[in-house]
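The values are calculated or read from the model by the stated rules, or taken from the named source; none is laboratory data. Since we're looking at a predicted model, the values are computed, not measured. Cβ sites come from the backbone with ideal geometry, for glycine too, and all protein chains shown count toward neighbours.
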Amino acid sequence: MTHSTPHITAWVDEQVRLCKPDRVVWIDGSEEQKAQLRREGFATGELIELNQELLPGCVYHRSHPTDVARVEARTFICCEKREDAGPTNNWMAPDEMKALLRPIYDGCMTGRTMYVLPYSMGQLHSPFAKYGIEITDSIYVVLSMCIMTRAGAAVLEAMGDDPGFIKGLHAKAELDPEKRYITHFPQENLIMSVNSGYGGNALLGKKCFALRIASNLGRQEGWMAEHMLILGVENPRGEVRYVCGAFPSACGKTNLAMLIPPKHYRDQGWKCWCVGDDIAWLRPGADGRLWAVNPENGFFGVAPGTSEKTNPNALASTKRNSIFTNVVLKPDGTVWWEGLDKDPPRDALDWKGNPWDPDSGAPGAHPNSRFTAPAANCPCISPEFENPQGVPISAIVFGGRRAKTAPLVYQSRDWAHGVFVGSIMASEKTAAAEGKVGETRRDPMAMLPFCGYNMGDYWQHWLDMEKLLTHPPVIANVNWFRTDDEGHFLWPGFGDNLRVIEWVLRRAFGEAEAVESEIGYLPKPEDIDLADAGVDEETLRGLLTVDKALWKTECEGIRAYYAQFGDRLPARLAEELEKLEAALK
Ligand code: GTP
Ligand code: SPV
Ligand code: MN
């Protein structure tokens, strides 16, 4: 592989001097090289070969038991001023962080191989594309990045010797949780991640680059990097309309992105197409619409709950050339997880590699166990997936897990109100990040762990985007997770979510009516198609109620949350909160 690239080589040489690996291998992305890396991974136990007849090209990996989710408490934004990272990010001055990291990286690759991986977020040569180099000592990371991004020799060629590439230094080091740091230096387009081998901490193209660094780039360059799925909805007339959805981690993006319309809809000719399941880069087009690309090339999806019933497209995507992490390993060399079927395997190994008794009550797969699957495998991948210009977005939906407060759906009155609706998002915490599961926390635009600068400034950037859009998408909030008093979900969810998305898209095209409420526009119950949904109109009415008392308490929470942003809180959002409080009086 040729690399006559002084800027890139100089930076790599510097990391070689710091980490002192025994060998340096440049990743060209070829099938031969990947096969060689798999063999090396099998030899050391870093990877386990799966049943090649049933799961061709698939491998299994376990991360360290203390290293199974993103570590938000150890994730830092290292810009010059603390105020620019804002109250929702951990901050350390760049020099101070580098001084802390230097001894941790020093010599950490001695006895190991350093892999140098050129990759692109976005289609090569797309106006949206951004290039990066990830250095890592993990074969799992290399093989995962080869699925999740466009990686290898062609990228190096496309990069030329542009010094503007995103630098990423990843090292497993000792996997010591006390010395684990996921750090971002937006002023230098630099990411340094050490002592973790878990996806979101170690696959640097994903959350570190495509959200934390890219959100900074987007702010400077007039675009947006968002934690959003991109879904194409084709109606019986053959028109495809695109919607983006921002839901917090493990709150349903992959599922909505790959949804299969209910039979009643399929019979009429509805189809859905997946453009992306986790990250969207959004740019205003010359036509004044908002255009989106998915910068990734694969899916890093939550395994538990994925089944032939809930998400057959995701399941099909994992049948070849995929990597499974922290799931149950069956004696026949295939995999299992809770929610796959009602038939837990005997004589299997759990996510830690111990013999597992399905009757023990302990889960066999980690709740945040994942699959890494190529986008090309997905049966419903959009024909526009590779379009370098992206797709035009007609609607944005925000959503989270809210047992009570948020109705099934409501639409914002305008763009600024929509930004308010995104900014007040809250959700019950999931296993995707370390910490207590189930507690409600504010997660604005599902970006709480991913916004690479002050969240107040980020909201202002959202507000400012309106000026660049003559045809902005409509904005709505959805909640698939409302429960009855016994804690049962009231809405069937999954494919049936199309019934709600249809209404939102019809609103975007002026084809559906709505009723005003204190919090925004609600559908008339008769405008949500319930045919064969197994939901009666009474339940739907309940799902669409706005409990004023709950919303008054909600406003108090929002006010307290907003207070921490001081003068970085956009005046327009403070006004929206006042309007809401007045409406609820
Ligand atoms: P990240 O990859 O962490 O960003 O997660 P995600 O937002 O893509 O979430 P995903 O689609 O993987 O769903 C996470 C969990 O929520 C899975 O266990 C799903 O089965 C469950 N889930 C997804 N959609 C629905 C829904 O409409 N209703 C209900 N009740 N559960 C859902
Ligand atoms: C998330 O947690 O939002 C994920 C998985 O998509 S990770 O890549 O670990 O961030
Ligand atoms: Mn995610």
Here the qualifying pairs (Cβ atoms under 8 Å; residues six or more apart or on different chains; first in the range 444-455 and over 13 Å from residue 76 (Cβ atoms) and part of a helix (DSSP H, G or I); second away from ligand 1 (no atom under 16 Å from the Cβ) and among the β-branched types (Val, Ile, Thr)) come out as 444/424; 455/88
If we ask which residues in the range 193-209 are within 12 Å of ligand 3 (Cβ to nearest atom), outside any loop (DSSP other than H, G, I, E, B) and under 18 Å from residue 177 (Cα atoms), their number turns out to be 2
Item to complete: Would you be able to say whether some residue in the range 257-265 is buried (at least 24 other Cβ atoms within 10 Å of the Cβ), within 15 Å of ligand 2 (Cβ to nearest atom) and either part of a loop (DSSP other than H, G, I, E, B) or of a type in the set (Asp, Glu) (or both)?
Response: yes
Using the structure shown, decide if residue 417 is at pLDDT 95 or above and either touching an Asp or Glu at 6+ places or on another chain (Cβ under 7 Å) or outside the structural domain of residue 546 (by TED's automatic domain parsing) (or both).
yes
Only one of 328, 293 is more than 30 Å from residue 470 (Cα to Cα) and buried (at least 19 other Cβ atoms within 10 Å of the Cβ), namely 328
Over the range 31-60, the set of residues among the aliphatic types (A, V, I, L, M) and in contact (Cβ under 8 Å) with a residue 24 or more places away in the chain is 37, 47, 48, 50, 54, 55, 59
Screening 350, 341 for residues that are modelled with pLDDT of 95 or more, surrounded by fewer than 21 Cβ atoms within 10 Å (Cβ to Cβ) and of a type in the set (Asp, Glu) leaves only 341
Restricting the range 214-235 to residues that are within 16 Å of ligand 1 (Cβ to nearest atom) and assigned to a strand (DSSP E or B), the one nearest to residue 443 (Cα to Cα) turns out to be 226
The condition of being over 30 Å from residue 344 (Cβ atoms) and either in contact with a Cys (Cβ under 7 Å, 6 or more places away or on another chain) or of a type outside the set (A, V, I, L, M, F, W, C) (or both) holds, among 258, 228, 224, only for 228
query: When you look at residue 421, is it touching a residue at least 40 places away in the same chain (Cβ under 8 Å) and within 14 Å of ligand 1 (Cβ to nearest atom), yes or no?
result: no
Every listed condition ((1) assigned by TED's automatic domain parsing to the domain that holds residue 177; (2) in contact with a helix residue (DSSP H, G or I) (Cβ under 7 Å, 6 or more places away or on another chain)) holds for residue 66 save (1)
Exactly one of 501, 475, 528, 519 is under 22 Å from residue 583 (Cα atoms) and either touching a Gly at 6+ places or on another chain (Cβ under 6 Å) or within 16 Å of ligand 1 (Cβ to nearest atom) (or both), and that one is 475
Selection from the range 203-234 of residues away from ligand 2 (no atom under 16 Å from the Cβ), in contact (Cβ under 8 Å) with a residue 40 or more places away in the chain and polar (S, T, N, Q) yields 216
Of the candidates 332, 359, the one satisfying the condition of being without any contact (Cβ under 8 Å) to a residue 60 or more places away in the chain, away from ligand 1 (no atom under 16 Å from the Cβ) and acidic (Asp, Glu) is 359
Restricting attention to the range 535-585, the residues that are in the same structural domain as residue 477 (by TED's automatic domain parsing), without any contact (Cβ under 8 Å) to a residue 12 or more places away in the chain and part of a loop (DSSP other than H, G, I, E, B) number exactly 1
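Here's the yes/no breakdown for (1) of a type outside the set (S, T, N, Q); (2) away from ligand 2 (no atom under 16 Å from the Cβ); (3) touching a helix residue (DSSP H, G or I) at 6+ places or on another chain (Cβ under 9 Å):
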{"residue": "433", "(1), (2), (3)": "yes, no, yes"}
{"residue": "444", "(1), (2), (3)": "yes, no, yes"}
{"residue": "455", "(1), (2), (3)": "yes, yes, yes"}
{"residue": "483", "(1), (2), (3)": "no, yes, no"}
{"residue": "488", "(1), (2), (3)": "yes, yes, no"}
{"residue": "491", "(1), (2), (3)": "yes, yes, yes"}
{"residue": "499", "(1), (2), (3)": "yes, yes, yes"}
{"residue": "503", "(1), (2), (3)": "yes, yes, yes"}
Hey, any hits in the range 369-380 for a residue that's in contact with an Asp or Glu (Cβ under 6 Å, 6 or more places away or on another chain) and within 27 Å of residue 427 (Cα to Cα)? no
The number of residues in the range 232-253 that are within 15 Å of ligand 3 (Cβ to nearest atom) and touching a helix residue (DSSP H, G or I) at 6+ places or on another chain (Cβ under 6 Å) is 4
Pairing a residue in the range 299-324 that is basic (Lys, Arg) with any residue that is within 16 Å of ligand 3 (Cβ to nearest atom), where Cβ atoms lie under 9 Å and the two sit 6 or more apart in sequence or on different chains, gives 319/373; 320/373
The residue that is surrounded by the fewest Cβ atoms within 10 Å (Cβ to Cβ), considering only those in the range 415-459 that are on the phi > 0 side of the Ramachandran plot and either away from ligand 3 (no atom under 14 Å from the Cβ) or polar (S, T, N, Q) (or both), is 438
